[in-house]
Amino acid sequence: MSSYIIKGGKRLNGEVKISGSKNASLPIIAASILNGSKTKLYNIPDIHDTQITLKILKYIGCRVKKTSEKIEIDSRYITKKEIPEHLMREMRSTVILAGALIGRFKEATFSYPGGCDIGARPIDLHLKAFKKLGINIEEEYGLIRCKCDKITGTNIDLDFPSVGATENIILASVLAQGKTTITNAAKEPEIVDLVQMLKKMGAKISGEGTAQIEIEGVQKLKEVSYRVMPDRIEAGTFLCAAAITGGKVKLINAIPEHIVPVISKLEEAGCKIKTDENSIEIEAAKRLKAVEIKTMPYPGFPTDMQSIIGAVLVTAKGTSIITENIFENRFKYLSELNRMGAKYKQEGSVAIITGVKKLLGAKVKSTDLRGGASMILAGLAARGETQVENIEYVLRGYENIDKKLSKLGAEIKLKEGD
Ligand code: EPZ
């Protein structure tokens, strides 16, 4: 596994262009299965998770052409309806491909995605919804076989506003017979982006971004060109990188309304933030103030930003309280920060952080994708040198993060693993 070697203490200054959204790209790439035609996608980040998703599309028979600025997918010649287990294991969110395969072919075989470092990541809500749509599901030897003669639109009420389940229901029902209504649907901007792309393909969907989404099944979807939204979590990550280093940074291609809770919490901590339609500029406070964070489904504070703002708060003045309401195991990064001098106590889903003046450089591990980002930010602010190990986690979700940080004045170098 590779590492980043970071020399801390440099204030970040300058401009950074935010890449396309990982969490919008994955369902949007999956949606290209549905039209049995050509799809041109722009602003897809070149990261591990999109590479794996495209690898699976090729495995099932799609033709995929990648250039620096666009990805062309031709889904006319799909021959397989099975997602290979080893690739499912590499990335649990490939379960989103199942919804698209079922939506077009009324069949899909895939394996349980398996848990990851932040939690069990069950897919019970996905499977319950598929059954309600009339899809037969058989499970054996860890494989899930879905098959039906037709998909019949119905009403689906989600026990929890699951992002993936909402996306999978939409993908499985856009070509169904009749209307599907999702209540208690997730409202994340990535779902709105997926729906905008599907509507450009000819899907009949309304209510995206609200708790009630209606999908009127259509016969066919047409070819489409679509530009994916900017990555709001990457934007939040760079805001926090500026905040923790006492810097001044302008984000280009960042949509403020996608991360309002992150902006307001950084302002509450003492940062000055200016926004316009497609940019966010932050000037960090001399010393940040402690705040309270509660992660919630959108439009609440995003769970993906929890470990990242956590790194900022370990050096804030006062005691911060973080409550993680979405995933059961998303505080692992704190024990790594403790190696750098962070002071915290965890009681169940609550972490109490007592701010310290300075962190000291150390060797720390990326515990997961966003935990790795948290380590990088801590290294940027720490005195001395920090080695962040297992950065393959970080490369799953951040495009050229080291180059972008270096351009802002950080001293960060890649140390290849064996
Ligand atoms: C998406 O994951 C994102 N991933 C996650 O980002 C993000 O943290 C999460 O939404 C919440 O915003 C992608 O979009 C690829 P959920 P997803 O279904 O869809 C429980 C990152 O760092 N649940 O909304 O898996 C689940 O256990 C990643 O970019 C069930 O119980 O999230 C969790 O506690 C991490 N049963 C909660 O719901 C189900 O069938 C939220 O999960 C599904 C989910």
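The values are calculated or read from the model by the stated rules, or taken from the named source; none is laboratory data. All values reported here derive from a predicted model rather than from experimental measurement. Counting neighbours? That spans all protein chains shown, and the Cβs are built from the backbone with ideal geometry, glycine included. Only protein heavy atoms, including side chains, enter the accessible area calculation; ligands, DNA and RNA are left aside. Shrake-Rupley method; radii C 1.70, N 1.55, O 1.52, S 1.80 Å.
Some points to look at:
- Highest-first packing order for the peptide set 77-83, 25-31, 52-58 is 25-31, 52-58, 77-83, based on the mean count of other beta carbon atoms within 10 Å.
- Measuring between their Cα centroids, segment 308-386 and segment 274-288 lie 22 Å from each other.
- Using the Cβ of TYR59 as centre and a radius below 13 Å, the other residues enclosed give a net charge of +2, where K and R count +1 and D and E count -1.
- Taking all Cα pairs closer than 8 Å and separated by 6 or more residues, the relative contact order of segment 22-227 comes to 20 percent.
- Straight-line reach from LYS132: taking Cα to Cα under 28 Å and skipping same-chain neighbours fewer than 8 places apart, the lysines in range are LYS80, LYS81, LYS106, LYS147, LYS150, LYS179, LYS187, LYS199, LYS200, LYS204, LYS220, LYS222.
- Which of GLY417, GLY372, ALA362, positive extreme of dipole for segment 320-418 (C-beta unit charges): ALA362
- Gap separating the Cα centres of segment 166-242 and segment 126-156, nearest whole Å: 20
- Ligands, DNA and RNA are left out, and with a 1.4 angstrom probe the accessible area of the chain is 40 Å² per residue.
- Taking the Cα centre of segment 22-227 as origin and assigning +1 to Lys and Arg Cβ atoms and -1 to Asp and Glu Cβ atoms, the resulting dipole is close to 840 debye.
- Among beta bridges that DSSP assigns inside the chain, antiparallel share in %, nearest 5: 70
- 16 Å Cα-Cα reach of LYS22 towards lysines, excluding residues that sit fewer than 8 places from it in its own chain: LYS55, LYS70
- Residue-level accessible surface for LYS179, protein heavy atoms, 1.4 Å, Å²: 90
- Carbon and sulfur %, accessible surface of segment 186-344 computed with the full protein complex present, 1.4 Å: 49
- All other residues whose Cβ lies under 12 angstrom from that of SER3 are scored, Lys and Arg at +1 and Asp and Glu at -1, for a net of -2.
- Taking the helices alone, the chain has a mean residue ellipticity at 222 nm of -9500 deg cm²/dmol, built from -39,500 (n - 2.57) per DSSP H run of at least 4 residues and averaged over all its residues.
- Taken along its three principal axes, the alpha carbon spread of segment 1-147 comes to 57, 36, 26 Å, from the longest extent down to the shortest.
- Carbon/sulfur fraction of accessible area - segment 1-134, other protein chains in place, 1.4 Å, %: 48
- Normalised contact order of the chain, rounded percent, pairs of Cα under 8 Å and 6 or more residues apart: 21
- Formal net charge of residues neighbouring ASN400 (Cβ-Cβ distance under 11 Å; K, R +1; D, E -1): 0
- The chain: translational diffusion in µm²/s, Stokes-Einstein, Kirkwood Rh over Cα pairs, 10 °C, 1.306 mPa s: 73
- Between segment 38-56 and segment 401-418, the C-alpha centres lie 23 angstrom from each other.
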